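Undergrad: Please see the structure below; I have some questions.
The values are calculated or read from the model by the stated rules, or taken from the named source; none is laboratory data. What you see is a predicted model, and the numbers here were worked out from it, not measured in a lab. FYI the Cβ positions are ideal-geometry reconstructions off the backbone, even for glycines, and counts take in every protein chain you see.
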Amino acid sequence: MRIVYHLGAHFTDDERLLRCLMKNRDLLAQHDIVVPGPSRYRKLLRETATKLKGQAATVDDQALILEQIMEEDRASRLILSWESFLSLPNYVLNERLYPAAGERVRAFCQIFPEIEAEFFLAIRNPASFLPLLYERLNPESYRDFLGGTDPFDLYWSDVIERIVEANPGVPLTVWCDEDTPLVWPEVLRAVAGLPKGPAMQGEDDLLASLMSGEGLARMQAYLETHPPQTVMQRRKIVSAFLDKFALPERVDQEIEMPGWTREMVAELTSLYDEDVARIARMAEITFLAP
């Protein structure tokens, strides 16, 4: 068996991946792929990891925990998704981005040290990530929110390096949240571990939230009459329909933070683009790019 950990990050998924996979439970079950409901494992894993303090769970404890997570007798792939695997929101910033990401993910993996693990992670531009975190935490002041952290010194590549170093040999797949509408079918199949085949239910759910109903219907009709022969062809078609039918209020986020200027947002975005290019070159990971 292999355990898949969808690590988030915060503000990149809104439980969409989990909901979509659960729609496909019957299909996944045909391949012995199990997607338990989050209430069966999130609190349980957090409390267990805290209790273990980084030590490996015993064989008996592993069996007991699996019994609580799974109703099925067996699985080839167990998929666990939680935006707070890397950190609870209050601890996302402490001079660095997700400073405890490596050791925290390692602690969760130590619950099942004998079972192969696989990680999936979506990242997001700090220029939009930080305002959402600020809104979630609702701090007394911007200064309290940062706590000495420099917004211009936050790099996802550092987070990924810490995860890789603390969990050597564990496969890690990364993609940008901004690219998710174009790579969503590939994300779904990669997380599920499914071979190429019929479309999964919910492959167009994300697009449905971003474009008009007319645009989505026209795109689906076009794909039926002009089936793309490659992944890249499908992405070009989706991109063209998004350009024409995307709902501005859904795709154009207004960024508001105390003291931030357009120039600051542009600089943060430029640094993020450079960081993404750095991540895409990492030999230790698989990067899904449009």
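Undergrad: Regarding L121, is this residue of a type in the set (A, V, I, L, M), touching a residue at least 12 places away in the same chain (Cβ under 8 Å) and closer than 27 Å to R281 by Cβ? Spell out how you get there, then give the answer.
TA: Details: of a type in the set (A, V, I, L, M): yes; touching a residue at least 12 places away in the same chain (Cβ under 8 Å): yes; closer than 27 Å to R281 by Cβ: yes.
So L121 fits the description; yes.
Undergrad: Next up: Filter the stretch 266-290 down to the residues that are without any contact (Cβ under 8 Å) to a residue 24 or more places away in the chain and under 15 Å from Y155 (Cβ atoms), then identify the one that is nearest to the chain's Cα centre (by Cα).
TA: Out of the qualifying residues, it is A280.
Undergrad: Follow-up. Could you tell me which numbered condition L80 fails, if it satisfies all but one of (1) in contact with a strand residue (DSSP E or B) (Cβ under 6 Å, 6 or more places away or on another chain); (2) within 18 Å of Y5 (Cα to Cα); (3) in a loop (DSSP other than H, G, I, E, B)?
TA: (3)
Conditions (1) closer than 23 Å to R25 by Cβ; (2) at pLDDT 95 or above; (3) exposed (fewer than 15 other Cβ atoms within 10 Å of the Cβ), marked per residue:
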position	(1), (2), (3)
I69	yes, yes, no
S76	yes, yes, yes
L86	no, yes, no
A107	no, yes, no
F120	yes, yes, no
R124	no, yes, no
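Undergrad: Kindly indicate the residue of the stretch 90-130 that is in a helix (DSSP H, G or I) and polar (S, T, N, Q) and also farthest from L146 (Cα to Cα) among those meeting that condition. Working first, answer last.
TA: Here is the first cut: in the stretch 90-130, the residues in a helix (DSSP H, G or I) are 90-91, 101-109, 126-130.
Restricting the remaining residues to those that are polar (S, T, N, Q) gives 90, 128.
Values: N90: 11, S128: 15 Å.
Looking at the filtered set, the residue picked out is S128.
Undergrad: When you look at E263, is it more than 21 Å from the chain's Cα centre (by Cα) and closer than 30 Å to P131 by Cα, yes or no? Don't jump to the end; show me each part of the working.
TA: Working: more than 21 Å from the chain's Cα centre (by Cα): yes; closer than 30 Å to P131 by Cα: yes.
The answer is yes for E263.
Undergrad: So the check is Cβ under 8 Å with 6+ separation or different chains; which pairs have a first residue in the stretch 246-265 that's over 27 Å from L146 (Cα atoms) and a second one that's in a helix (DSSP H, G or I)?
TA: These pairs meet every condition: A246/L210; A246/G215; L247/L210; R250/S209; R250/L210.
Undergrad: Among the numbered criteria (1) over 22 Å from R16 (Cβ atoms); (2) touching a helix residue (DSSP H, G or I) at 6+ places or on another chain (Cβ under 9 Å), which one does F245 miss?
TA: Result: F245 fails condition (1) only.
Undergrad: Quick one: in the stretch 195-207, of everything that is modelled with pLDDT under 90 and among the aliphatic types (A, V, I, L, M), which residue is nearest to the chain's Cα centre (by Cα)?
TA: L206
Undergrad: Sticking with this structure for a sec: Filter the stretch 259-290 down to residues that are in a loop (DSSP other than H, G, I, E, B) and either touching a Ser or Thr at 6+ places or on another chain (Cβ under 8 Å) or charged (D, E, K, R) (or both) and give me whichever is surrounded by the most Cβ atoms within 10 Å (Cβ to Cβ). Write out each step before concluding.
TA: Within the stretch 259-290, the subset in a loop (DSSP other than H, G, I, E, B) is 259-261, 281-285, 289-290.
Then keep just the ones that are either touching a Ser or Thr at 6+ places or on another chain (Cβ under 8 Å) or charged (D, E, K, R) (or both); that gives 281-282, 284-285, 290.
Details: R281: 10, M282: 15, E284: 14, I285: 19, P290: 17.
Out of the qualifying residues, it is I285.
Undergrad: Which residue is nearest to E114 (Cα to Cα), if the candidates are limited to the stretch 33-58 and must be at pLDDT 95 or above and surrounded by fewer than 14 Cβ atoms within 10 Å (Cβ to Cβ)?
TA: Taking the stretch 33-58 and keeping what is at pLDDT 95 or above, we get 33-52, 55-58.
With the extra rule that they be surrounded by fewer than 14 Cβ atoms within 10 Å (Cβ to Cβ), the set shrinks to 37, 39, 43, 47, 50-51, 55, 58.
Working: G37: 23, S39: 24, K43: 21, E47: 20, T50: 19, K51: 18, Q55: 13, T58: 10 Å.
The extreme case among them is T58.
Undergrad: Also, I was wondering about something else. Taking A63 as the residue in question, decide whether it is in a helix (DSSP H, G or I), farther than 30 Å from Y142 by Cβ and among the small types (G, A, S).
TA: Details: in a helix (DSSP H, G or I): yes; farther than 30 Å from Y142 by Cβ: yes; among the small types (G, A, S): yes.
For A63, the condition - in a helix (DSSP H, G or I), farther than 30 Å from Y142 by Cβ and among the small types (G, A, S) - is met.
Undergrad: Does L271 satisfy being touching a helix residue (DSSP H, G or I) at 6+ places or on another chain (Cβ under 9 Å) and over 20 Å from W184 (Cβ atoms)?
TA: Against the criterion (touching a helix residue (DSSP H, G or I) at 6+ places or on another chain (Cβ under 9 Å) and over 20 Å from W184 (Cβ atoms)), L271 qualifies.
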